[in-house]
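Here the structure is laid out as structure tokens; the discussion comes afterwards.
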Amino acid sequence: SVYHIKWVRWKEENTPVITQNENGPCPLLAIMNVLLLAWKIKLPPMMEIITAEQLMEYLGDYILDAKPKEISEIQRLNYEQNMSDAMAILHKLQTGLDVNVKFTGVRVFEYTPECIVFDLLDIPLYHGWLVDPQVADIVKAVGNCSYNQLVEKIISCKQSDNSELVSEGFVAEQFLNNTATQLTYHGLCELTSAVQEGELCVFFRNNHFSTMTKYKGQLYLLVTDQGFLTEEKVVWESLHNVDGDGNFCDSEFHLRPPSDPETVYRGQQDQIDQDYLMALSLQQEQQNQEINWEQIPEGISDLELAKKLQEEEDRRASQYYQEQEQAAAQVCICNSAGFLSRVIFPTQQVQGAASPASARQSGSNERKRKEPREKEREKEKNSCVLL
């Protein structure tokens with residue numbers, strides 16, 4: 001996992017922001033960006049990429065270094081226990097945290113071991129999924145339940161013979177359906193009131209963690225989408241309604257609409273697609289040289305030919321995988337067009353491929369290096385490529 005770093009001018013200081021792709025580990029990045037914007041963790045100047053392992057190392061070192069010096073014995077033992085518990089679940093930050101909101105307050109969550117991480121780092125965790133206290137029937141139906149408890153209650157009420165409980169379950173279910181974005185206007189008002197001016201915190205919504213701050217009474221979420229990597233002036237997005245259509249701002253919270261978000265995203269995707277097609281072309285060239293065309297009958301249709309080629313590819317890939325099951329996947333990182341592309345063919349999704357330049361340079365050696373090429377084909381066979 002490699003993440004691009006975007007450098008922004010934050011309070012007159014060049015500050016890194018970790019961006020994420022679609023499958024990025026948002027809890028880890030949200031926490032790290034809070035610490036980076038607070039200058040509690042610093043990265044080497046103009047560093048362009050960072051791995052998940054490096055992020056975990058920086059975070060682990062910070063936790064160890066942040067241990068209070070002058071505290072009582074009881075406080076020390078309590079802190080060390082919390083630190084031990086936090087370290088035990090730290091790896092979950094790369095995939096997701098077990099966070100269960102309660103609908104009574106913006107900082108009210110059902111206690112889970114994962115919450116210790118935020119307490120230990122002194123990073124406030126907020127949400128805005130609240131019940132409006134003026135709507136009595138919803139207040140009664142939801143009560144003091146957490147989200148998980150409310151789902152169980154709805155199921156139980158639906159199966160009840162008591163009409164009052166059935167009605168209560170229906171009201172609770174309607175509340176969840178009507179607030180599917182996990183933010184209500186009452187919650188937004190409470191959130192705006194609770195967050196302190198200039199506070200750096202983490203906001204939980206739609207099962208996603210974001211870095212949040214407050215400037216002149218307005219809430220802003222840090223823009224970490226990798227599609228805005230080249231948009232240096234796009235740093236924050238306002239959080240002023242429940243629909244999620246905020247305004248983009250720079251690091252000083254001045255309105256800065258992006259040149260064209262679709263163009264920014266599409267431009268980077270086009271580069272990745274071009275790099276990938278180049279690598280795929282070289283791979284196909286290698287495959288074609290290894291196929292015994294004399295065994296293919298004349299007059300075969302394109303579909304039948306494609307099936308035969310796929311069967312042959314699957315057979316070779318399976319054979320090689322059995323031989324190299326324990327081998328580590330090869331990762332090639334090369335700089336192309338001012339940003340980084342990766343040659344890595346994961347089993348689920350193609351993340352990127354070699355840049356055209358690097359692919360052409362290595363083309364003369366591809367035929368001599370059978371194992372790496374077949375390893376790439378094994379990774380590729382589980383992906384769907386549209387040409």
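Things worth noting here:
- Charge tally around PHE109: other residues with Cβ under 15 Å, Lys/Arg +1 each, Asp/Glu -1 each, net -2.
- Cα pair count fraction exceeding 20 Å, expressed as % - the stretch 91-175: 42
- The stretch 161-205 shape via C-alpha gyration tensor axes, a/c threshold 1.5: prolate
- The candidates CYS26, CYS189, arranged from most to least accessible area with a 1.4 Å probe in the full protein assembly, appear as CYS189, CYS26.
- Per-residue surface analysis assigns LEU183 an accessible area of about 10 Å², computed on protein heavy atoms at 1.4 Å probe radius.
- The stretch 1-142: C-alpha gyration tensor shape, a/c 1.5 cut-off, then a/b vs b/c: oblate
- For VAL8, residues with placed amide H under 5 Å, excluding near neighbours: THR15, VAL17
- Sulfur and carbon atoms: percent of accessible area, the stretch 81-178 [1.4 Å]: 49
- Summed side-chain charge close to GLU232 - residues other than GLU232 whose Cβ falls under 9 Å, Lys, Arg +1, Asp, Glu -1: +1
- Solvent-accessible area of CYS157, all protein chains in place: 10 Å² (probe radius 1.4 Å, heavy atoms, ligands and nucleic acids excluded).
- Sum of side-chain charges, LYS6 neighbourhood, beta-carbon under 9 Å (Lys, Arg +1; Asp, Glu -1): -2
- Residues LYS153, LYS214, LYS6, LYS233 ordered from highest to lowest accessible area at a 1.4 Å probe: LYS233, LYS153, LYS214, LYS6.
- Assigned charges on the beta-carbon of Lys, Arg, Asp, Glu; the stretch 30-182 dipole about Cα centre (debye): 240
- Hz values of 3J(HN,Hα) by residue in the stretch 226-231 - Karplus curve (6.51, -1.76, 1.60), Gly and Pro given as x: 4, x, 9, 4, 8, 8
- Exposure of THR112 as accessible area (Å², to 10), given a probe of 1.4 Å and all protein chains: 10
- Accessible heavy-atom area order of LEU77, LEU29, highest first, probe of 1.4 Å: LEU77, LEU29
The values are calculated or read from the model by the stated rules, or taken from the named source; none is laboratory data. Predicted model only: the values in this text are computed from it and were never measured. Here Cβ is always computed from backbone atoms with ideal geometry, including for glycine, and neighbour counts include all displayed protein chains. With ligands, DNA and RNA removed, areas are computed over all heavy atoms of the protein, side chains included. Shrake-Rupley method; radii C 1.70, N 1.55, O 1.52, S 1.80 Å.
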